[in-house]
Amino acid sequence: MTSHNLFESASKQQTPGFLAEFWLFLMTNKKWWLLPILIVILLLGLLVFLSSTPLAPFVYTLF
């Protein structure tokens, strides 16, 4: 198979989503220490989002 055919077949494949690509990055590069950081950032973002909704009084009672 020539390089042109390889390039053409690779261009027709569907690209993975962000989460799938991040998971593959963790698997191949063994960067497992990034996972707890990402989880904490997502939890903080969830708290910020909930603090701007009518659920805010319930979030504030957690602290």
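List of remarks:
- One residue from Leu50, Leu19 being at pLDDT below 85 and open to solvent by 80 Å² or more (accessible area, probe 1.4 Å): Leu19
- Applying a threshold of 7 Å to beta carbon distances and a minimum spacing of six or more residues, or different chains, the list of pairs starting in the stretch 33-45 at a residue that is open to solvent by less than 80 Å² (accessible area, probe 1.4 Å) and ending at one that is modelled with pLDDT of 90 or more and assigned to a helix (DSSP H, G or I) is empty.
The values are calculated or read from the model by the stated rules, or taken from the named source; none is laboratory data. What you see is a predicted model; the values in this text were computed from it and never measured. For neighbour counting, all protein chains shown are included, and Cβ atoms are generated from backbone atoms with ideal geometry for every residue, glycine included. Heads up: the accessible areas ignore ligands, DNA and RNA and are worked out on the full protein's heavy atoms, side chains in. Shrake-Rupley method; radii C 1.70, N 1.55, O 1.52, S 1.80 Å.
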